Amino acid sequence: MNWAPVLTIIGLLGACLVALLLVQLARREADAVRRRATEDVATIKEEARSKLADAERREQRLAEREQALAQDRGELEALERRTRERAEALVAAERGAARVISDAERAAEQTRAEAERAARAELEAAAGLSAEEARAQLVARMTEQARNDAAAQVRRADAQARRTAEARARRIVATAVQRLAVPTSSQSAITVVPLPSDEMKGRIIGKEGRNIRSFESLTGVNVLVDETPDAVVLSCFDPERREVAQVALEALMADGRIQPQRIEAAYRDAVAAVGERTEAAGGDAVERAGLRGLHPDLVHTLGRLRLRTSYGQNVLEHLVETSLVAGAMAAELGADVEVARRGALLHDIGKALTAEQPGTHAALGAELARRCGESPAVVNAIAAHHDEVPMDTVEAVLVQAADAISAARPGARREELDQYVERMDKLEAIVAEHPGVRRALAMSAGHEVRVVVEPTEVDDTALPGLATAIARHIEQDLTYPGEIKVTVVRELRASATAG
């Protein structure tokens, strides 16, 4: 039996059944979709109706609000009209009041003017003066009173400033000086050389005095052996010769062999080492002053001052002392410490050049410092420390003050009696040249001068000006260490005798 057709038919029937099932499923899904769409449309319609109702309600509320705003706008416009009317009424009232006040003021002014004219006429008739004459007298009286008040105020301010400045200056100077421990002036014609032992005196003298004669003839210095124990004294007015002799003698004592040939060799070595000693002295002074960066020419010139003295005070020691004092005062005042120290250390450097070049030591020192690249402030401090040029900086003032402190402190300098008497006489003569001076008396070793004036020629208001003029005159015509205080005294006495 042939089964192929049967199987084919069965397959077709199966396919038909599957197709029928798929169609049924598609119809069911379409129905479900249709139902959901119908439900969604109903929901959307319901929401649309709800939103439409809400919109209608909002429109109704907006209409009500617009009606209320329109009513409020009408009320505001009515209020503005009433306010405008009131403001116009107030302006009109103010204008009326202003006119009334103006009329009253004019009337009062007229009344016041008439009263003043009447009062002026009565005063002029009573005083016998016109208004212009009375005004001139009043102005003159007020001017004189103002001038007297101003003079009194100036005197009080000057006294107050002097008290304050003097107290602060004393504190600053005392602080600066107390930090130093410096020597006093000593005899500058001798040099004492200590000996290691007493037998060295015999070697220095030599056989029959041969060594000491050779030493004195070479150096030009007198050697005093027996006057001081354990030391010899080199006596000579030339400090350079004394230094060469001291160096040569110390070299001979260190070697131990003292004979004419060795003396000549030691003398030549001492003379040849002068430049080295000069450089060493200058460098030591710069180091003690706490400075750096000085030009080599300045250091060498400073070293040349190691043997120079002024009134018995060593100039190089004076420069170092002045530099330290100026630096301390600059630190107290808040000024430039470096400029103050450099200017103070170099302020007398021109004294090493006065024998070679014409001019004052201040001008020569300032020119040397300028050539060596020092700052304008330092150059001005050097040039102005004797008031030869104006002082441009506070450091220049400090340099001058430190110079005076170092020179005027007790024990720093000494002066011959004849020079002292001559300086006192010249000081009193300078003061006596001024008109109105009855008597001048120099006091405190020339550091103060008392001036008695004629009371009929000099009044109280002229005393400060006279004191200042005398001080300026002394600065210009007299050379002196430190500073001089001028005190002017005016005394008016009256006496009577009852018989």
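The values are calculated or read from the model by the stated rules, or taken from the named source; none is laboratory data. Please read these numbers as outputs of a predicted model, since none were measured by experiment. Heads up, the Cβs are rebuilt from the backbone with ideal geometry, glycines too, and the neighbour counts pull from every protein chain shown.
Could you tell me which of the residues Ala146, Ala78 is modelled with pLDDT under 85, part of a helix (DSSP H, G or I) and not assigned by TED's automatic domain parsing to the domain that holds Thr468? Write out each step before concluding.
Details: Ala78 fails: modelled with pLDDT under 85.
Every option except Ala146 fails the conditions.
Scanning the stretch 235-276 for residues that are among the β-branched types (Val, Ile, Thr) and crowded, with 18+ Cβ neighbours inside 10 Å returns Val244, Val247, Ile258, Ile263. Annotation: of all residues in the stretch 483-499 being surrounded by fewer than 16 Cβ atoms within 10 Å (Cβ to Cβ) and hydrophobic (A, V, I, L, M, F, W, C), the one that is farthest from Gly436 (Cα to Cα) is Ala498.
Residues of the stretch 265-313 that are in a helix (DSSP H, G or I), touching a residue at least 24 places away in the same chain (Cβ under 8 Å) and among the β-branched types (Val, Ile, Thr): Val271, Val274, Thr278, Val286, Thr301.
Within the stretch 368-393, residues that are in contact (Cβ under 8 Å) with a residue 12 or more places away in the chain and part of a helix (DSSP H, G or I) reach partners that are polar (S, T, N, Q) and crowded, with 17+ Cβ neighbours inside 10 Å with beta carbons closer than 6 Å, at six or more positions or on different chains, in the pairs Ala377/Thr393. On inspection, Thr309 qualifies as closer than 22 Å to Ile349 by Cα and modelled with pLDDT under 80. Applying the set (1) within 45 Å of the chain's Cα centre (by Cα); (2) assigned to a helix (DSSP H, G or I); (3) modelled with pLDDT under 80 to Arg203 leaves exactly one unmet item: (1).
Checking Val225, Val232 one by one, the residue that is surrounded by fewer than 19 Cβ atoms within 10 Å (Cβ to Cβ) and not assigned by TED's automatic domain parsing to the domain that holds Ile349 is Val225 and no other.
Could you tell me which residue of the stretch 321-339 is nearest to Ile190 (Cα to Cα), considering only residues that are surrounded by fewer than 24 Cβ atoms within 10 Å (Cβ to Cβ) and of a type in the set (A, V, I, L, M, F, W, C)?
Taking the stretch 321-339 as the starting set, the residues that turn out to be surrounded by fewer than 24 Cβ atoms within 10 Å (Cβ to Cβ) are 324, 328, 331-338.
Narrowing the set further to residues that are of a type in the set (A, V, I, L, M, F, W, C) leaves 324, 328, 331, 333, 335, 337.
Working: Leu324: 28, Ala328: 34, Ala331: 39, Leu333: 42, Ala335: 41, Val337: 37 Å.
Applying the filter and picking the extreme gives Leu324.
Residues in the stretch 439-490 that are closer than 25 Å to Ser406 by Cβ and small (Gly, Ala, Ser): Ala442, Ser444, Ala445, Gly446, Ala471, Gly482.
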